[in-house]
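Below is one structure, written out as structure tokens, with a few remarks after it.
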Amino acid sequence: MKSIVVLRLGQRYVRDDRTLTHLCLVSRALGAEAIYLEDAEKDVTETLDQVNRTWGGDFRVILGEPWRGVIRAAKKEGRSVVHLTMYGMPIQDVAPQLRGLDKMLLVVGGPKVPGRVYHEADFNVAVTSQPHSEVAALAIALHEIQNGEELKRTFQKSKLRILPSPRGKRVVED
Ligand SMILES: C[S@@+](CC[C@H](N)C(=O)[O-])C[C@H]1O[C@@H](n2cnc3c(N)ncnc32)[C@H](O)[C@@H]1O
């Protein structure tokens with residue numbers, strides 16, 4: 001299984017903990033093991049702790065580490081740095097290469113991305129060459145990079161588990 005860690009760049013202008021929470025939830029559900037958020041409130045971590053307790057797994061949210069240090073440490077431990085940007089190379093062209101990587105740091109931007117990030121990255125990757133959202137870009141990139149394997153993942157030590165159902169809601173206690 002791949003080891004994928006996510007970094008969300010950016011200091012906030014306005015409070016956007018909802019977007020940050022969505023980035024965390026998408027990262028967790030789609031196979032990443034941790035996310036670094038440069039700037040977020042503690043309640044984002046608390047929400048994810050609660051999600052882990054209920055639905056399982058040990059996804060980690062790490063707050064307040066400056067991006068340069070996160071990228072430096074990732075490279076030191078052999079992670080490739082994959083930066084999602086609409087200016088990068090089309091994901092459908094680079095996916096075969098990305099699928100061959102065992103360890104990576106997947107970087108998404110916020111309101112403003114420092115120019116340096118484009119040079120620090122091993123890959124600058126576009127999910128279409130149109131502007132949209134870091135949440136959407138992250139979800140599609142995680143899916144493409146793992147070739148759909150992330151959809152089959154199970155989460156250990158959950159309190160609740162969904163029994164997939166064509167109609168209604170079926171949930172069992174573990
Ligand atoms: C709302 S956008 C703002 C981008 C910002 N204008 C910049 O300096 O690039 C926030 C983030 O979403 C991601 N994103 C948005 N559109 C994308 C696309 N087409 N391909 C890949 N990533 C994208 C990128 O990570 C980007 O930094």
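The values are calculated or read from the model by the stated rules, or taken from the named source; none is laboratory data. Source: prediction; values computed, not measured. Every residue, glycine among them, receives a Cβ derived from its backbone with ideal geometry; neighbour counts consider all protein chains shown.
Across segment 5-58, which residue is farthest from R72 (Cα to Cα) among those that are in a loop (DSSP other than H, G, I, E, B) and touching a Ser or Thr at 6+ places or on another chain (Cβ under 8 Å)?
G56
Which pairs have Cβ atoms under 6 Å, sit 6 or more apart or on different chains, and link a residue in segment 154-174 that is in contact (Cβ under 8 Å) with a residue 12 or more places away in the chain to one that is among the basic types (K, R)?
The qualifying pairs are V172/R161; D174/R161.
Being surrounded by fewer than 18 Cβ atoms within 10 Å (Cβ to Cβ), out of contact with any helix residue (DSSP H, G or I) (no Cβ under 6 Å at 6 or more places or on another chain) and more than 25 Å from T19 (Cα to Cα), is that true of even one residue in segment 110-119?
Within segment 110-119, the first condition is being surrounded by fewer than 18 Cβ atoms within 10 Å (Cβ to Cβ), and the residues that meet it are 111-112, 114-116, 118-119.
Now drop any that are not out of contact with any helix residue (DSSP H, G or I) (no Cβ under 6 Å at 6 or more places or on another chain), which leaves 111-112, 114-116, 118-119.
Keeping just the survivors that are more than 25 Å from T19 (Cα to Cα) gives 119.
Checked segment 110-119: at least one residue is surrounded by fewer than 18 Cβ atoms within 10 Å (Cβ to Cβ), out of contact with any helix residue (DSSP H, G or I) (no Cβ under 6 Å at 6 or more places or on another chain) and more than 25 Å from T19 (Cα to Cα).
What number of residues in segment 124-174 are crowded, with 17+ Cβ neighbours inside 10 Å and charged (D, E, K, R)?
Going through segment 124-174 one residue at a time, the tally reaches 3.
Which of the residues that make up segment 45-69 are over 22 Å from E150 (Cβ atoms) and surrounded by 14 or more Cβ atoms within 10 Å (Cβ to Cβ)?
Within segment 45-69, T45, L63, W67 qualify.
State yes or no: is L25 surrounded by 13 or more Cβ atoms within 10 Å (Cβ to Cβ), away from the ligand (no atom under 15 Å from the Cβ) and over 22 Å from H132 (Cβ atoms)? Write out each step before concluding.
Working: surrounded by 13 or more Cβ atoms within 10 Å (Cβ to Cβ): yes; away from the ligand (no atom under 15 Å from the Cβ): yes; over 22 Å from H132 (Cβ atoms): no.
When the stated conditions are applied, L25 does not pass them.
Criterion first (within 11 Å of the ligand (Cβ to nearest atom), charged (D, E, K, R) and either closer than 30 Å to S158 by Cβ or modelled with pLDDT under 95 (or both)) does K103 satisfy it?
no
Being within 16 Å of the ligand (Cβ to nearest atom) and among the β-branched types (V, I, T) is the filter here; which residues of segment 119-157 pass it?
Here is the first cut: in segment 119-157, the residues within 16 Å of the ligand (Cβ to nearest atom) are 119-145.
Matches in segment 119-157: V125, V127, T128, V135, I140, I145.
Return the residues of segment 110-134 that are part of a loop (DSSP other than H, G, I, E, B), at pLDDT 95 or above and among the charged types (D, E, K, R); say none if nothing qualifies.
Listed by number, the list holds a single entry, D122.
Tell me, yes or no, whether segment 80-94 has at least one residue that is more than 11 Å from the ligand (Cβ to nearest atom) and aromatic (F, W, Y).
Checking segment 80-94: not a single residue is more than 11 Å from the ligand (Cβ to nearest atom) and aromatic (F, W, Y).
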